[in-house]
Amino acid sequence: MTEGKEAKEVLTPEQAQELVKYDLSTKMVPFLDRHLIIYMFNFLQEMEIYKTEDINRALLKLLAETNMIDLAVEMYATLGEEAPESLNQRREEVLQQLQDSREKVLSLLEILEDEDKVQKIATFKSMSELCTAFELEVDVIEGLVHYAKLQFDCGNYTLSGELLKHYRSMMAQDSERPMTTRQFSCIWGSLASFILNREFEAPSPGVEMAADVIFKIDEFLDNTKMAKKEVLLQKTWLLHWALFAIFNADKPDAKLLDFFLNEKSLFVISLSCPHLFRYVGACLILQKRLKHLVKDTVWIVHHEAACYSDPVTRFLLALYVDVDFDEAQQELQKCAQVCKVDFFLNRHWAEFEENARLLIFETYCRIHQCINIRMIASKLNMEAEEAEVWIVKLIQNAKLDARIDSEKSRVVMSKAPASVYQQVIEKTKNLSFRSTMLLSNLEKREKELKEAKA
């Protein structure tokens, strides 16, 4: 074994089957672009929970719908098969399409390579003024989208993203006109390019990143005249794509987390994609700044438990609804398997486990008057003295009203009665969400009755 590398764990068929039940890829694929699915399937291939040939066949099928011909040829070689001659013909066709498309927009590409001219674009008040100044036809500007799409399908995500950014900048000159379907598709294309390029954190203020595009799509959907069913579908797609920016970023955007956990998003998740409650729970555990949302959000997770449940959601329910610490510990152990096989949570397990343990301890402290330090130390696999220091820091950070009784080696908690204000808040929380769900259920019931009478 090479020094510095860990030996790869070889799974038995039984272990692989146990992990497969926690894989959500089949539920998520319908809401992802094929390029994002390829990204996800490469991860599953590394996990080896499915047969390698099955994953390769699935990847080959996805590649057949893109222009990544060379990658498809490599996949055939991996399978020990010869690539069909039609792929070579397809390669020539794609290269010709790229050349023809580039020639049509060459005059515009030359303008976009000049930084002074690019800055001048932002000063124009209309598209016609822009076209007149640079002696361009509107068709040339629209042709930029086709060229960007070809580059995207070839896997050139950086170039595609840049071209779409320029196109959207030029279209912004006609901001008074309603957004066209083509322009809306370009925003989705920009988001896909950002995700595939892993552009989640702005290198400097004012630089557009994935989160910014997500907010623009969400704002458009909130104000569009699309049918409600179409808006729900688009928002479902958006929530799935947002997972890449939340869990693949080193430090997820705070506003993006708020977007993912706001009432409107939770309503969409409840209606069309309850499997995303796994990631709602993961956000609550991984992001300490969301502590103020835990109680209300867990209530919603509890309300939807009949539609979706897994170790992540059951851990939160055991801890905050049932207050069953043994059950919480058991579900936390299962969470290790969930994170192992989950594309988004895989690299977060160490932090997930640590934060989950902190939640257990904080909850334990809030409901017990006295806590034996040695008992806690044994559960945390720490020495009593080390645990005492750790507990002191935890109490300070959690702002718990407690003190350490070193003589008796215990933590003594002080319980203050809830204020009248807090009691009112507790009684009226989630009223909006409950009302929305009730209205939705009534509409479904009314529709069923009409269909029954018809």
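The values are calculated or read from the model by the stated rules, or taken from the named source; none is laboratory data. For clarity, every value in this text was computed on a predicted model and none was experimentally measured. When we count neighbours, we look across all protein chains shown, and the Cβ atoms used for this are built from the backbone with ideal geometry, even at glycine. Just so you know, the surface numbers come from the protein's heavy atoms only, side chains and all, with ligands and any DNA or RNA stripped out. Shrake-Rupley method; radii C 1.70, N 1.55, O 1.52, S 1.80 Å.
Per-residue answers, yes or no, for (1) open to solvent by 10 Å² or more (accessible area, probe 1.4 Å); (2) of a type in the set (A, V, I, L, M); (3) at pLDDT 85 or above:
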residue	(1), (2), (3)
312	no, yes, yes
317	yes, yes, yes
340	yes, no, yes
345	no, yes, yes
349	yes, no, yes
353	yes, no, yes
356	no, yes, yes
382	yes, yes, no
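Do you know which residues across the range 323-353 are more than 30 Å from residue 41 (Cβ to Cβ) and assigned to a helix (DSSP H, G or I)? Correct list: 325, 326, 327, 328, 329, 330. May I ask you to list the residues in the range 103-150 that are open to solvent by 50 Å² or more (accessible area, probe 1.4 Å), part of a helix (DSSP H, G or I) and hydroxyl-bearing (Ser, Thr, Tyr)? Those that are open to solvent by 50 Å² or more (accessible area, probe 1.4 Å), part of a helix (DSSP H, G or I) and hydroxyl-bearing (Ser, Thr, Tyr): 107, 128, 132. Scanning the range 30-56 for residues that are over 19 Å from residue 155 (Cα atoms) and assigned to a helix (DSSP H, G or I) yields a count of 10.
Answer yes or no as to whether residue 259 is open to solvent by 10 Å² or more (accessible area, probe 1.4 Å), touching a residue at least 12 places away in the same chain (Cβ under 8 Å), in contact with an Asp or Glu (Cβ under 9 Å, 6 or more places away or on another chain) and in a helix (DSSP H, G or I). When the stated conditions are applied, residue 259 passes them. If you go through the range 267-284 and keep only what is under 14 Å from residue 294 (Cα atoms) and at pLDDT below 95, you end up with nothing. Within the range 427-436, not a single residue is under 30 Å from residue 241 (Cβ atoms), in a helix (DSSP H, G or I), at pLDDT 80 or above and basic (Lys, Arg). Quick check on residue 225: is it of a type outside the set (Ser, Thr, Tyr), assigned to a helix (DSSP H, G or I) and either at pLDDT 90 or above or under 24 Å from residue 172 (Cβ atoms) (or both)? So residue 225 fails the test.
Residue 207 meets all of the listed conditions (1) surrounded by fewer than 18 Cβ atoms within 10 Å (Cβ to Cβ); (2) in contact (Cβ under 8 Å) with a residue 12 or more places away in the chain but one, namely (2).
For residue 44, are the conditions met, namely being surrounded by 13 or more Cβ atoms within 10 Å (Cβ to Cβ) and in contact (Cβ under 8 Å) with a residue 40 or more places away in the chain? Judged against the criteria, residue 44 is a match.
Which members of the range 73-108 meet the condition of being touching a helix residue (DSSP H, G or I) at 6+ places or on another chain (Cβ under 7 Å) and within 20 Å of residue 147 (Cα to Cα)? Correct list: 90, 91, 94, 97, 98, 101, 102, 104, 105, 107, 108.
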